[in-house]
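Every number here is computed from the coordinates shown, using simple stated rules; none is lab data. The model shown is predicted, which means the values in this text are computed figures rather than measured ones. Neighbour counts are summed over all protein chains in view; Cβ atoms, including those assigned to glycine, are modelled from backbone coordinates with ideal geometry.
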Amino acid sequence: MMDQPSALELVTAVKEFIEKHAMPQLSGHTAFHARVAANALGIVARELEFGPRSNAEEHARLEALLGIKGSLDELNRELCRRIRTGDIGVSTAGLGDHMRSTTIDKVGIDQPTYSGFKAAQKRP
């Protein structure tokens, strides 16, 4: 069975080709679009690499916080419902930690060079 290269390896190879070979040959609007494409592929690569762990950790936190089982989407909808109705609020134990951890994971996938990202990772 041929299972190489992985999706992550393919996405990374295309991103590197765009950045190292195509972009230096481009200018103006086309260069801008190539940079956008390379950035999008970077997000996809990070999602493939870090998304499963991030989602599993978010899922576990939500089950503990809400006291119920469900899919990640169902649990997020329930969290939103409880926040909206006032059943959960800023004083709810674990909510702040969950929101902070989830946000840091999402920023790490979407914008890992964001200026506050490294500082946020270091804060307890």
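A search for C-beta distances below 9 Å between a residue of segment 105-124 that is under 25 Å from His59 (Cβ atoms) and any residue that is among the polar types (S, T, N, Q) and part of a helix (DSSP H, G or I), counting only pairs 6+ apart in sequence or on different chains, returns Asp105/Ser54; Asp105/Asn55; Lys106/Ser54; Gly108/Ser54; Gly108/Gln121; Ile109/Ser54; Ala120/Thr103.
Being without any contact (Cβ under 8 Å) to a residue 12 or more places away in the chain, over 16 Å from the mean Cα position of the chain (by Cα) and under 30 Å from Arg82 (Cα atoms) holds for only one residue in Ala56, Ala60, and it is Ala60. Residues in segment 12-62 that are of a type in the set (Lys, Arg) and under 30 Å from Gly94 (Cα atoms): 3 in all.
Residue by residue, here is whether (1) buried (at least 16 other Cβ atoms within 10 Å of the Cβ); (2) within 22 Å of Ile104 (Cβ to Cβ) holds:
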| site | (1), (2) |
| --- | --- |
| Met23 | yes, no |
| Ala34 | yes, no |
| Glu47 | yes, yes |
| Gly51 | no, yes |
| Leu62 | yes, yes |
| Gly67 | no, no |
| Leu72 | no, yes |
| Thr85 | no, no |
